[in-house]
Amino acid sequence: MTTIRAGIAGAGMVAAVHADAIRRAGGAVVGVAASTPERSKAATQRLNAGRAFATAEELATADDVDVVHVCTPNALHGPLVRAALAAGKHVVCEKPLSLGGADSDELTALAERSGLVAAVPLVYRYHPMTVEARARVRAGELGAVRLIHGHYLQDWLARPEDNNWRVDPAVGGASRAFADIGSHWCDLVEWVSGHRISELIAATQTVLPQRSAAGRETFTAGGPASGADGAADAADDVAVTTEDAVQVLFRTDRGATGALVVSQVSPGRKNRLWFEIDGADRSVSFDGEDPESLLFGGRDRTEILRRDALSPAAARINAVPAGHPWGYRDCFAAFTADVYAAVADPDLRAGTPAYPAFADAARTAHITDAVLTSAAHRSWIEVS
Ligand SMILES: NC(=O)c1ccc[n+]([C@@H]2O[C@H](COP(=O)([O-])OP(=O)(O)OC[C@H]3O[C@@H](n4cnc5c(N)ncnc54)[C@H](O)[C@@H]3O)[C@@H](O)[C@H]2O)c1
């Protein structure tokens, strides 16, 4: 089999995770593009990539790139996806696919017409234990699903001196906390439960109306040079319009109700994606900071399910035996393996592919739009 050649646009935290996953899927990282030619050069060493591209646009259309991985700040996703698809490249685009539902739908339609692989790393679908939860819900082990609830909490933007390109709506989009992490939660619980959020009411909160302009570097290892590039004046504070936290009540298309709290200002919560699905007979809950087990609840007996004796769907991706912790990078590797299998075999792109595709990311963009509209109008909104 010929080696699949990947180019990575963006060179920050998640780009390094993609580089690792590409190699584990048998691909080669032929090049990388950061925000300037100098940063691209520096990034080739950090990511052990073949060469530096002067711009992301050059990478997206290069002859020796089969798959373009879009790992830049959000506002660049749409233009780079369009350039890559027009050049006949398969695309792995980071979430959010674009800055709103309408543009995400357009990108989805473009991708579907192209017949190319168009995937989005909604990677929490690749924890063996979320797959296990899905298998058990889908097998009817919970009984009728009544309640879906949980949260996604982080603390890396908890202080006024914390800042990032995600805070700026021109770069990150009008929604910050929800588009950044709430979108992951909604994708995951819809995928696990088979329910779709049909209407919601949301309250958003910007708890820090001013942030230090100096703190725009990210949680990226390697500091500011590898993070966002807006060199703001350290003396200035910037006004914040994007939300730090969101609370959502929702109803699903199959008659369940739910609640979600999303926050990037919750001290001590590093990346706590937690959900619970309560059925008539059993409940199941998953904690992304402790992903080796599931709580499988029951009135008469509650069990802790470990990452062994898995259903076939979960066993399919479970590349390391229980007792050897499964991590975020393993999720990315399993996702990329599915994507690259479809790059190699067009039959694996048809119908509903194994990997999360553009349509799934567009769905989360519509939920995000509904959250912002509901918060602005203080009313229930149907999700389109
Ligand atoms: N799927 C996930 O679990 C997950 C996790 C983290 C981030 N993400 C997404 O990945 C994207 C990147 O996030 P990150 O945390 O890696 O950010 P980051 O700030 O660490 O990295 C962003 C990178 O983009 C580069 N960049 C900026 N402008 C550019 C340009 N014009 N051309 C090329 N490169 C440019 C920067 O130099 C930097 O290397 C975001 O869209 C984010 O939502 C997804």
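Some values worked out for this structure:
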{"quantity": "For segment 4-37 versus segment 109-141, the gap between their alpha-carbon centres in whole angstrom", "calculated": "22"}
{"quantity": "Heavy-atom accessible area per residue - segment 330-384, 1.4 Å, Å²", "calculated": "42"}
{"quantity": "The chain: relative contact order as a whole-number percent, Cα under 8 Å and 6+ apart", "calculated": "22"}
{"quantity": "Which of Pro356, Gly298, Gly78, positive extreme of dipole for the chain (C-beta unit charges)", "calculated": "Gly298"}
{"quantity": "Those lysines that a straight Cα-Cα span of less than 28 Å connects to Lys270, excepting residues fewer than 8 apart in one chain", "calculated": "Lys95"}
{"quantity": "Longest to shortest principal axis, alpha-carbon extents of the chain, angstrom", "calculated": "62, 54, 40"}
{"quantity": "Solvent-accessible area, 1.4 Å probe, carbon plus sulfur percent, for the chain", "calculated": "51"}
{"quantity": "Segment 134-202: relative contact order as a whole-number percent, Cα under 8 Å and 6+ apart", "calculated": "40"}
{"quantity": "Euclidean distance of C-alpha centroids, segment 353-384 and segment 298-314, integer Å", "calculated": "31"}
{"quantity": "Summed residue charge, Cβ within 10 Å of Pro160's Cβ, Lys/Arg positive, Asp/Glu negative", "calculated": "-1"}
{"quantity": "Solvent-accessible surface ranking, highest first, for Lys41, Lys95 at 1.4 angstrom", "calculated": "Lys41, Lys95"}
{"quantity": "Karplus-derived 3J(HN,Hα), 6.51/-1.76/1.60, for each residue of segment 15-21, Hz, glycine and proline x", "calculated": "4, 5, 5, 4, 4, 5, 5"}
{"quantity": "Relative packing of 103-116, 361-374, 293-306, which averages over residues the other C-beta atoms within 10 Å, highest first", "calculated": "361-374, 103-116, 293-306"}
{"quantity": "Around Gly27: net Lys/Arg minus Asp/Glu count, Cβ-Cβ under 10 Å", "calculated": "+2"}
{"quantity": "Long-range HN-HN contacts of Gly31 with modeled amide H, under 5 Å", "calculated": "Ile8, Gly50, Arg51"}
{"quantity": "P(r) tail fraction, segment 18-87 - alpha-carbon pairs more than 18 Å apart, %", "calculated": "34"}
{"quantity": "Magnitude of the charge dipole, the chain, Cβ model with Lys/Arg +1 and Asp/Glu -1, debye to 20", "calculated": "620"}
{"quantity": "Fraction of beta bridges assigned by DSSP in the chain that are antiparallel (%, nearest 5)", "calculated": "65"}
{"quantity": "Positive minus negative residues near Ala109 (Lys, Arg vs Asp, Glu; Cβ under 12 Å)", "calculated": "-2"}
{"quantity": "Å² per residue, accessible surface of segment 3-135 at 1.4 Å", "calculated": "34"}
{"quantity": "Mean Cβ count within 10 Å, highest first, over the residues of peptides 50-61, 135-146", "calculated": "50-61, 135-146"}
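The values are calculated or read from the model by the stated rules, or taken from the named source; none is laboratory data. What you see is a predicted model, and the numbers here were worked out from it, not measured in a lab. Cβ: placed from backbone, ideal geometry, glycine included. Neighbour counts: every protein chain shown. Surface areas here come from the heavy atoms of the whole protein model, side chains and all, with no ligands, DNA or RNA. Shrake-Rupley method; radii C 1.70, N 1.55, O 1.52, S 1.80 Å.
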